[in-house]
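Take a look at the structure set out below.
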Amino acid sequence: MGTPINVGWINSITPGFAGTRCGNVVQLEQYLADTETEVPIGFQRPSSWSDPISWSSDSSGIQWTCQQTGIYNLRFNQHLTISNLPPPAPMLLRDRPRLRLGAEIDPVIALSQFYLNVDDGPNAAPRVGQASIFPINADPGGDANSSTSTQVSPISDFLMTTLVTPVGFLTSTVIPGCVWTISQWANCTDATELCSVYMSAYSVDADGVSNPILISDGSSNSNIITVGVSNLVWTQSIASTFVADLTKRIQFRMYVNFGVAATINLYYEGPYTSNILAGISQGFAIVPGDTGDTGATGDTGATGDTGATGAIGATGDTGATGLDGATGATGATGDTGDTGATGLDGATGATGLDGATGLDGAIGATGAQGDTGATGDTGATGDTGAIGPTGPAGGGSIIVQDTVNMRITIVSLTTTELNQVFETSIPVVLQPSETLIYSASVNCIANVDAGSVLTCSIKTSGNCNVVSGYSYIPSPESTLQWNLIAQGPYGNIGTIV
């Protein structure tokens, strides 16, 4: 198996060597860490020279079982894309954006950015892919990340690419009326500017294909494709509409028009982050529209039959006293009689009309300030309203601090002495909407007994988004590597030859 190279000593009696039992397994999938939950990472593609004896795993590549007891040099390599994209805080339903169907473009409608990523396969159009909320790294070579068609004569409305939103993305059946922005990288061999591209949108079933219903036809909104590779950006007004239910997905179709014989390329992924900023968001609160005008008064109905005579009502109040009669002529003055008893007071006369308001008096001097009154008791706190559904994630608008942790965890099935954790921490400070690229490793020497389980994971404090296995710039592959440097318990069996 080759001549070992002596690099030191494992313990006082056992020399350590860089032996030939070493492995290298490449990560093929991407993993997202955006909360405090630890995310395990899988490795699926072993190199041709990788050691199949020391470690084994299932198809997921997440849990690795040690097959040979010994001392290992272990290495967990990652390239990470870390973005300032914290999820929004929950809002009460009363605070959520109000949307009235049929209204003009509403400035409070939230937008979602969908990155257009084509599936693996030949680059000949038509191609299919995903409209994802995260971009993905370009495949090596570049051709696999384009949709290409060559036509020998003019042809219109040629379908190049069909891309569909994730399953279960919708949380509202409303597609609000607003303006979408389309960004498509493209070029063609025609220098006369007679070739163009446009986008149309449909709702489809959960399979991403069946029962397409048109949402927006962009055929009258095409954009000229030039010879040099360029990013074409245009807007498209979308009318308010509904989808049938929340299982529906939104399908974007990119069409081209060949004005002459030419080759057209539409590019996706990696440096060509073609995307659509669309008003397909989550969690809108739908409120009723304004109350309509009161309708006209209806015609008077026919007169009903005369009802039965009612019972005699109660006696009414006594009426007012009548006016005094005219005064008779004065008789001769008689002898003065005895003074009679004082008569009863007459009834008080009616109050006269109010007199005209007098002129305003002069303003008096300001009085001294009175003492401050006692503070009243604090009212009882009202009940907290129900929390509405969480809205769509938006771009980070504040500076955030976080720590990204990479970890190798080894759990022994025979002794807690060999339970081990090795960790690397990456502190990050992100400006609003900033994205950073890191290549980092956890490197360790570990005693491992046969049957122990090894896992690799990443974790954040929940203030940023971390995508493992993705980078839009050239980066090393994400891998799990090992080298058996001394075989046997605590390396006491001897050297590996």
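The values are calculated or read from the model by the stated rules, or taken from the named source; none is laboratory data. Bear in mind the structure is a predicted one, so any value in this text is a computation, not a measurement. Heads up, the Cβs are rebuilt from the backbone with ideal geometry, glycines too, and the neighbour counts pull from every protein chain shown. Quick note on the areas: whole protein, heavy atoms, side chains included, nothing else; ligands and nucleic acids left out. Shrake-Rupley method; radii C 1.70, N 1.55, O 1.52, S 1.80 Å.
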With θ set to phi - 60° and the Karplus curve 6.51 cos²θ - 1.76 cosθ + 1.60, what are the ³J(HN,Hα) couplings of segment 182-192 in order, to the nearest whole Hz, using x for Gly and Pro? 10, 10, 10, 7, 6, 7, 8, 8, 8, 8, 8
Difference of contour (0.36 nm per residue) and Cα-Cα distance, residue 128 to residue 231: 35.1 nm
Whole-Hz ³J(HN,Hα) from phi, Karplus 6.51 cos²θ - 1.76 cosθ + 1.60, for segment 208-217, glycine and proline x: x, 9, 6, 6, x, 10, 5, 9, 8, 9
Tell me, in nm to one decimal, what length is gained between residue 239 and residue 371 on full extension, where the rule is 0.36 nm per residue of separation less the Cα-Cα distance? 41.2 nm
Please give the net charge around residue 59, taking every other residue with its beta carbon less than 15 angstrom from that of residue 59, where Lys and Arg add +1 and Asp and Glu add -1. -1
Residues whose placed amide H lies under 5 Å from that of residue 225, excluding near-sequence neighbours: 195, 196, 197
Tell me which residues come under 5 Å, amide H to amide H, from residue 486 once H is placed; ignore anything under 5 positions away on its chain. 71
Using only protein heavy atoms and a 1.4 Å probe, report how much of residue 193 is accessible, in Å² to the nearest 10. 110
